[in-house]
Every structure is written in structure tokens, then in C-alpha cells.
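Structure record follows, encoded as C-alpha cells.
Just so it is clear, none of the values below were taken in a lab; they were calculated from the coordinates. Everything numeric in this text was worked out from a predicted model, so none of it was measured. Cβ sites come from the backbone with ideal geometry, for glycine too, and all protein chains shown count toward neighbours.
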Amino acid sequence: MKAIILAAGYATRLYPLTLNKPKALLPLNDMPIITYIVKEINKIKEVDDIFVISNSKFVEDFYSWQVDAQNNSDIPITVIDNGTQSEEDKRGAIGDIYYTIKQKNIVDEDIIIIAGDNYFTYDLKEYYDFYKSVDRDCVCVKEVNNITMLRQFAVALIDENKKIIDLEEKPQTPKSNIGAYASYIYKKDTVPLVKKYLDEGNKPDSPGYFVQWLYKIKDVMAYEMKGECYDIGTFASYEEAKNSFK
């Protein structure tokens, strides 16, 4: 299994904080957000590579981070430069996933994908164990009871077997209070479908759009997290994540 950490965004909503620093390297309790993610991935013995995809503007920051991070990771960490320089020429999260798959020739292997700006307290190994038990593609979900926040998520409907029966990215009128977070585990036969999705002209940005397309052609299961996940996209969500340590 390969792990992909998405860290190529420009985080303009957090300017000036992220004007010269990538969001995934912002500190939480004196540790970069992405380091928490790497620690959790190390709990999954099946993962044999961690790929961190960055943009060209911040890639040197990630190279510097990688030196210390590798000392505390049993899994090799590789930083990938996606070749973009600004918000205007970004590839989008799904575009970055495909770029990583292509650059690293990921074939015939499952993948776990996590947004580099997500700090979470649920156990990633438990999520992986759920994935193995259902033997289907999976997305991580949780109840979100703030309508304003919910409109920023992919919102899912799930049946009694935890199968996703509807999912819409950033709906103005959410059909449920089940928010899907940017943490996905895909089976190896799903990996080629990322190219198919993009070739059909679908949106390359928010990764939830791929799930919105995928659940209509394959079973996608919902893992209901036992813990919290902070999607750090605004000053308010960053403060909320920092306050979780207090």
C-alpha cells in the first residue's frame, strides 16, 4: 500500500500566515500538522511508501521538514514537486493525486490519501482495519451539525450497511449532517479510475468530487470516525485545532 499526503495547496484564506509557509507545516503544539499524519500512517504496517506532494513554491520547505521527519518514520518519505508556482496554475487535489500516481508508477497497489491540512484524533489503524473488513473503497465521515461548516464538506447519505448511497461536494442544501473528510482508502482497481475521471473532464480540485463520481459506479463505504478531525482551512479552524490541546 502507498500513502499520499496532499500538501500542494496555497492556502490563500490563511494569508499572511501561509504566504511564505505551507499550511501542512503550520505548528500544532510545536509539531507540524503533517508530522501527526505521518505518525499515524506509521501504524499501518502494510504501507511501504509515503508520498508528500507539494508545489514548487514550498517544495524546499518540505525537503527541510523531510530530514527530521524521516528520522521518526519507519516508512520512506518522498517529497514530490508538482511543478506549479501559484493558485492560478495549481493542478487541484485530484490532479495532484493523479500526478503522484503517474510519477511514482503506482499500479496494482491500494492507496491511502490524506489531506496534509487535516489534524485528527481518530485512530488511522482502526480506519484501515475497517477498510480491510469491508474490502471496499472507503471515506472517513462524521456528523457535522453546523450548517455553515457542512456546506464546505462533501455531504453523504449512508445506508444501514454503511454504504454511501448519495454524496455531494459542498452542497448549498445538504441532504444530511454526515460530512466526509479528506481521508480515503482506495482499492488497487480504483487507482486507474482517477485518470478516467479526469479524462472525462470532471473537476480536478476538491477530492470529494472524485467520490461523488465513484460511488455511482463502485461501492464506497463510510467509516464513522471515533474522534475529531480538524480541516484547517481558516483562522477559526486553526484556532480550534490548537485549542484541542488545551
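Results, tabulated for the structure shown:
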read-out	value
Interchain or long-range residues, amide H under 5 Å from Asp49's placed H	Ala3
Neighbour-count order for Cys138, Cys229, fewest beta carbons within 10 angstrom listed first	Cys229, Cys138
Over 32 Å between alpha carbons, listed pairs Lys39/Lys102; Lys102/Lys216; Lys188/Lys242; Lys57/Lys132; Lys21/Lys216	Lys188/Lys242; Lys57/Lys132; Lys21/Lys216
Sparse-neighbour loop sites [GluC sites (Glu not before Pro); region 119-188; at most 15 other C-beta within 10 Å; DSSP]	Glu160
Set of aspartates and glutamates with alpha-carbon distance to Lys162 below 14 Å, sequence-local pairs under 8 removed	Asp135, Asp137, Glu143, Asp219, Glu224
Rel. contact order, % - alpha carbon contacts under 8 angstrom, at least six apart, the chain	23 percent
Residue exposure sequence - Tyr36, Tyr186 - by fewest surrounding Cβ within 10 Å	Tyr36, Tyr186
Low-density loop cleavage sites - trypsin sites (Lys or Arg not before Pro) in region 1-108, where at most 14 other Cβ are within 10 Å (DSSP)	Lys43, Lys45
³J(HN,Hα) computed for each position of region 220-226 - Karplus, 6.51 cos²θ - 1.76 cosθ + 1.60, integer Hz, glycine/proline x	10, 9, 9, 8, 8, 5, 10
Cα extents of the chain along the three principal axes, largest first (Å)	45, 39, 35
Considering only region 1-103, percent of DSSP beta bridges that pair antiparallel, nearest 5	15 percent
Spin-label model distance (nm) - Thr121 vs Lys242, 7 Å beyond Cα toward Cβ	1.8 nm
Helix-only [θ]222 nm of the chain, DSSP H runs n ≥ 4, -39500 (n - 2.57) each, per residue, nearest 500	-8000 deg cm²/dmol
Per-residue ³J(HN,Hα) for region 21-32, Karplus 6.51 cos²θ - 1.76 cosθ + 1.60, θ = phi - 60°, Hz, x for Gly and Pro	8, x, 4, 5, 9, 5, x, 10, 6, 6, 10, x
Under 5 Å, built H, 5+ apart or other chain: amide partners of Ala154	Lys170, Ala180
Cα gyration tensor, region 1-127 - rounded (a/c under 1.5), prolate or oblate	oblate
Centroid-to-centroid separation of region 182-246 and region 33-83 [C-alpha atoms, Å]	19 Å
³J(HN,Hα), Karplus 6.51/-1.76/1.60, whole Hz, each residue of region 168-180, x for Gly, Pro	9, 7, 6, x, 6, 10, x, 8, 7, 10, 9, x, 9
As computed over region 52-155, the Cα convex hull volume per residue (Å³)	153 Å³
Under 5 Å, built H, 5+ apart or other chain: amide partners of Val220	Ile164
Coarse-grained scattering of region 41-109 at q = 0.13, 0.14 Å⁻¹, given as base-10 log I(q)/I(0) from a Debye sum over alpha-carbon atoms	-0.41, -0.47
